[in-house]
Amino acid sequence: MTVDLEERATDAPAAARPRRRWVVPLLVLVLLGQMAAAMVTTAVQQTPTIDEPVYVGTAVTYLEQHSLRYNPEHPPLGKQLIAVGLAFASPRMDPAFRGDQTQLGRHVLYEAGNDPYRLMLLARLPMILLTLLFGLVVFAFARDLTGAAGGVLALALYAFSPDVITHGSLATLDVPAIGFLLTAVWLTWRARDRPRVYLPLAGVALGAAIATRASVLPAVPVVLLLALLATPAWRRGVPMRARLRGLAAVAGVGVVAVLVVWVSYLAVDPSLRWTEPIGTPVVHGVRGLLAGWLPLPEPYRDGMRIQFGFEDSTFSGFLFGRHYQGSLWYYLPAALLVKTPLGMLVLWLAGSVAMLAVPRLRTAALYVLVLPALLLAVAMTGARDFGTRYAIFMPVFLAVAAAAVVTLRWRWAPVAAGLLALFVAVSSVRTFPYYLPYSNEAFGGPARTHLRLHDSNVDWGQDLGRLADRLRERYPGEQVWLVYKGAGVPSAYGISARDPLRVPPGEVHGLLVVSDSSVAKATGRLAALLRTSGEPVDEVGHSISIYRRP
């Protein structure tokens with residue numbers, strides 16, 4: 001059977017439209033409703049992941065001290081959004097506290113008299129709301145390109161994405177930064193019809209992305225070029241005056257973005273008091289020029305230098321059972337292959353091909369496909385093989401690309417797309433509520449992820465509370481030896497445990513509880529303990545293994 005790649009009509013007959021007008025809003029409501037339920041449940045059940053206490057502690061200093069000194073490697077906007085939720089808890093903090101940002105997070109959550117469960121939930125709720133709003137952007141962008149059916153398909157992929165649910169329910173910066181970037185791109189697309197309305201808004205969204213994570217900076221030139229396409233400046237035969245107005249409009253987008261970044265810093269500290277952090281690396285070459293000359297606040301540029309220092313460092317990784325030093329260029333594609341639902345992978349590929357093949361969508365491909373390709377290429381050169389969160393732009397942007405499948409003039413295209421989307425939904429629902437360690441069926445599901453990946457792909461310290469419940473319910477009174485990789489404090493959740501790495505192996509008897517990331521990268525004494533502990537007798541959240549040592 002051949003497939004005609006010309007666009008397929010998507011509008012229903014005029015007489016049927018009034019009767020069907022409620023169907024699409026209902027589907028949108030259902031999809032976002034289930035996503036909200038999944039994210040809130042996850043946020044309630046999971047204890048702090050490794051990065052969250054730092055962001056929460058920093059957000060509290062924004063509220064209490066209006067200080068920029070903590071977590072300078074990331075811009076403030078995402079943490080300001082976290083602070084909006086924390087403000088309802090009136091968090092306490094010792095004004096005399098002195099320590100680094102890791103100690104700050106521990107102090108705020110566990111030492112200053114705050115309820116860590118309540119504080120974390122309130123910190124996560126603004127991110128959950130923002131993730132849902134970005135779902136509306138995904139729907140609106142795909143609907144603009146392909147019609148209502150494509151919008152619903154794109155939203156379904158977004159709303160059932162285990163990675164988006166995972167990181168959208170955490171008080172972290174990955175999803176907000178990419179969501180703002182997608183919003184900026186969508187607004188530049190809409191600016192093709194009304195540039196005076198949408199280009200300034202695109203500048204605001206672009207600035208919000210830059211003010212959340214510096215990792216989006218490589219996307220800025222692309223967004224400005226897309227903004228240029230919304231003006232007559234690039235067209236042949238356009239008068240010089242109109243060309244200059246178009247170029248000025250694009251420059252305006254950049255200026256607005258820069259102003260948003262400045263405002264985000266001034267909102268924390270109107271005096272912009274700043275001292276360069278001790279140990280900030282000296283950066284040379286092109287990166288040094290960027291950090292020195294970008295028209296951004298000095299704290300932002302020092303944060304860039306710190307990030308460049310991280311990229312010049314060597315970290316360890318784990319992929320398909322191999323523990324290694326350094327980074328692998330193919331790590332992120334391999335991790336995405338494991339952690340993306342199979343139906344989603346097929347729809348990403350089919351939608352990308354359709355965008356390039358359907359004539360009227362080829363221009364849209366510049367907006368939807370170029371940025372994820374660029375950001376993936378940049379991320380693949382990074383030094384930190386820590387998880388697919390570094391490629392969270394893939395399920396966000398490619399959900400929109402997948403909508404192009406519905407434009408194919410092939411009568412089975414809607415049915416095939418619907419079945420694949422259903423496959424994605426079933427795979428996602430089956431992993432509930434353990435979205436963080438998700439892997440697709442080809443790789444054994446979430447129970448097997450720890451055999452192939454580590455860190456934020458499977459074990460990011462999120463299951464300390466679940467471990468406390470398991471020990472209390474199944475192993476009351478037993479001696480517990482704990483090797484935990486995370487930012488939580490076990491005793492705060494009622495876990496009484498000793499460190500097995502501080503005593504001779506012959507003294508370790510009872511329950512040996514080890515985070516799966518520590519298992520994956522075990523060396524020395526821990527590796528010896530694991531070799532003599534047999535197979536796990538239990539597991540918690542697909543991220544913590546329990547062994548019994550006689």
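Based on the Kirkwood radius over alpha-carbon pairs, what is the Stokes-Einstein translational diffusion coefficient of segment 240-303 at 4 °C with 1.567 mPa s viscosity, in µm²/s?
Using the Kirkwood radius from Cα pairs, D works out to 93 µm²/s.
Given contacts defined as C-alpha pairs under 8 Å and at least six residues apart, what's the relative contact order of segment 348-491, whole-number percent? Walk me through the numbers on the way to the answer.
Working: 114 pairs, mean separation 29.7, N = 144.
Relative contact order here is 21 percent.
Can you tell me how much longer the chain between residue 133 and residue 357 gets when fully stretched, taken as 0.36 nm per residue apart minus their C-alpha distance, in nm with one decimal?
On the way: separation 224, 0.36 × 224 = 80.64 nm, distance 3.03 nm.
Computed gain between residue 133 and residue 357 is 77.6 nm.
Given 49, 169, 510, which one lies farthest toward the positive end of the charge dipole of the chain, if we put +1 on the Cβ of every Lys and Arg and -1 on the Cβ of every Asp and Glu?
My answer, from the dipole projection, is 169.
Under 8 Å for C-alpha pairs, at least 6 residues apart: give me the relative contact order for segment 74-166, rounded to a whole percent.
Reported relative contact order: 24 percent.
Once you order the gyration tensor axes a ≥ b ≥ c over the Cα atoms, which shape class does segment 491-550 get: rounded for a/c under 1.5, otherwise prolate or oblate by comparing a/b with b/c? Intermediate results must be reported in sequence, preceding the final value.
Values: a/c = 1.42, a/b = 1.14, b/c = 1.25.
Taking the square roots of the gyration eigenvalues as a ≥ b ≥ c, segment 491-550 is rounded.
What is the ratio of the Cα radius of gyration of the chain to 2.2 N^0.38 Å, where N is its residue count, to two decimals?
Relative to the 2.2 N^0.38 Å estimate, the chain comes out at 1.01.
Write down the accessible area per residue of segment 350-434 in Å², having rolled a 1.4 Å probe over the full set of protein chains.
Per residue, segment 350-434 has an accessible area of 38 Å².
Among 28, 342, 307, pick out the residue whose Cα is farthest towards the positive end of the charge dipole of the chain, where Lys and Arg carry +1 and Asp and Glu carry -1 on C-beta, about the Cα centre.
Looking along the dipole axis, the top candidate is 28.
Classify segment 296-451 from the C-alpha gyration tensor, please: rounded if a/c falls under 1.5, else prolate or oblate depending on whether a/b exceeds b/c.
It comes out oblate by the Cα gyration axes.
On full extension of the chain, what length is gained from residue 245 through residue 316, given 0.36 nm per residue of separation minus the C-alpha to C-alpha distance?
Working it through step by step, the gained length comes to 20.5 nm.
Compute the angle between helix 464-474 and the longest alpha-carbon principal axis of the chain, please, reported from 0 to 90 degrees and rounded to the nearest 10.
50
Only helical DSSP H runs with n ≥ 4 go in: add -39500 (n - 2.57) per run for the chain, normalise by residue count and round the 222 nm mean residue ellipticity to 500 deg cm²/dmol. Working shown, then result.
Details: 23 runs with 297 residues, N = 550.
So the calculated ellipticity at 222 nm is -17000 deg cm²/dmol.
For segment 47-159, what is the charge dipole size about the Cα centre, in debye to the nearest 20, if Lys and Arg each add +1 at the Cβ and Asp and Glu each add -1 at the Cβ?
Dipole size: approximately 140 debye.
Per the 1.4 Å probe, what fraction of the accessible area of the chain, in percent, lies on carbon and sulfur atoms?
63
Find how much the distance from residue 447 to residue 102 grows on full extension, using 0.36 nm per residue of separation minus their present alpha carbon separation; answer in nm with one decimal.
121.2 nm
With a cut-off of 8 Å between alpha carbons and a minimum separation of six or more residues, what is the relative contact order of the chain in percent?
18
How high is the FRET efficiency from residue 266 to residue 503, r the C-beta distance, R0 45 Å, rounded to 0.05?
After rounding to 0.05, the efficiency reads 0.30.
Please enumerate, by chain and number, the aspartates and glutamates with C-alpha under 13 Å from the C-alpha of residue 79, excluding those fewer than 8 residues away in the same chain.
Once the sequence-local aspartates and glutamates are set aside, what remains near residue 79 is 51, 52, 174.
What order do you get for 508-521, 388-401, 347-360 when each peptide is scored by the mean count of other beta carbon atoms within 10 Å, highest first?
Going from most to least packed, we get 388-401, 508-521, 347-360.
What net charge do the residues around residue 283 carry, taking every other residue with its C-beta under 12 Å from that of residue 283, with Lys and Arg at +1 and Asp and Glu at -1?
Local charge sum for residue 283: 0.
For the chain, give the share of DSSP beta bridges that are antiparallel, in percent and rounded to the nearest 5; count only bridges with both residues there.
If I count the DSSP bridges inside the chain, around 75 percent turn out antiparallel.
The values are calculated or read from the model by the stated rules, or taken from the named source; none is laboratory data. In this text the structure is predicted, and so the values were computed from the model without any measurement. Reconstructed Cβ throughout: ideal geometry from the backbone, glycine too, with neighbour counts over all protein chains shown. SASA here: full protein model, heavy atoms, side chains in, ligands and nucleic acids out. Shrake-Rupley method; radii C 1.70, N 1.55, O 1.52, S 1.80 Å.
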